[in-house]
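Peer 1: One structure is given below, represented as structure tokens, and several questions about it will come after.
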Amino acid sequence: MPEERPYLTGRTYLFRLNKGEDLLEQLQEFCHNNQVKCATLNAIGAVSAATFSFFDQKKKKYVKVHKEEELEILNLTGNVSLMDDKPMVHAHITLAGENGAAIGGHMMQGCTVYACEVFMQELVGEPKIRKSDKAAGLLLWINPQLKPR
Ligand code: ZN
């Protein structure tokens with residue numbers, strides 16, 4: 001494991017998202033507008049449509065799932081880091097319909113907000129940088145630079 005420096009907590013936000021608009025886009029926009037570069041977040045609420053995906057590790061690609069129905073957001077957990085110098089939200093979502101059975105995955109554009117309450121905790125320190133990791137086929141955090149000997 002590479003050496004990690006601890007973060008200090010920065011600004012703490014609690015806000016709601018607009019009905020009828022895209023969930024991921026609104027989170028991205030919030031980070032961009034407030035210059036949040038490093039954070040953790042969670043949210044609860046409901047959507048009227050959802051799009052998420054499952055990463056197929058053998059084929060190294062995302063398999064997309066779209067649900068055009070009313071669903072509760074049981075949990076949305078994610079983080080904010082920098083990709084190409086811009087804040088990028090990475091979040092996973094757990095949803096349930098009328099029967100209460102949970103579905104979910106890697107949250108994508110295409111989740112339409114019915115209602116959503118977000119908690120976001122900014123972290124102050126060296127922002128995480130996300131880059132394409134060829135071996136994994138994913139956009140992952142690059143490890144901190146090792147000190148020169
Ligand atoms: Zn993911």
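The values are calculated or read from the model by the stated rules, or taken from the named source; none is laboratory data. The model shown is predicted, which means the values in this text are computed figures rather than measured ones. Backbone-built Cβ (ideal geometry, glycine too); neighbour counts: all protein chains shown. The accessibility values were calculated without ligands, DNA or RNA, using every heavy atom of the protein model including side chains. Shrake-Rupley method; radii C 1.70, N 1.55, O 1.52, S 1.80 Å.
Peer 1: Kindly identify the stretch 68-149 as rounded, prolate or oblate by the Cα gyration tensor criterion: order the square roots of the eigenvalues as a ≥ b ≥ c, call it rounded if a/c is under 1.5, otherwise compare a/b with b/c, prolate if a/b is larger, else oblate.
Peer 2: Prolate shape, in that a/c is at least 1.5 and a/b is the bigger ratio.
Peer 1: What does the accessible area per residue of the chain come to in Å², with a 1.4 Å probe and no ligands, DNA or RNA counted?
Peer 2: 66
Peer 1: Can I ask one more? Could you order peptides 2-10, 24-32 by the average number of other Cβ atoms within 10 Å of their residues, highest first?
Peer 2: Averaged packing, sorted descending, gives the order 24-32, 2-10.
Peer 1: I'd like the carbon and sulfur percentage of the solvent accessible area for the chain, probe radius 1.4 Å, heavy atoms only, ligands and nucleic acids excluded.
Peer 2: Summing carbon and sulfur atoms, their accessible area is 53 percent of the total for the chain.
Peer 1: Let me ask something else. Take every Cα pair under 8 Å in the chain that's 6+ residues apart, average their separations, divide by the length, and report that relative contact order as a whole percent.
Peer 2: Across the chain, relative contact order equals 35 percent.
Peer 1: Rounded to whole Å, give me the distance from the Cα center of the stretch 1-31 to that of the stretch 35-77.
Peer 2: Between the Cα centres of the stretch 1-31 and the stretch 35-77 lies a distance of 14 Å.
Peer 1: Please give the calculated 222 nm ellipticity per residue for the chain, where each DSSP H segment of at least 4 residues contributes -39500 (n - 2.57) and the sum is spread over every residue; nearest 500 deg cm²/dmol?
Peer 2: Only helices count here, giving -2500 deg cm²/dmol.
Peer 1: Can you list the lysines whose alpha carbon sits under 20 Å from that of residue 86, skipping same-chain ones fewer than 8 residues off?
Peer 2: Counting by Cα, and skipping residues close in sequence, residue 86 has these lysines nearby: 37, 128, 131.
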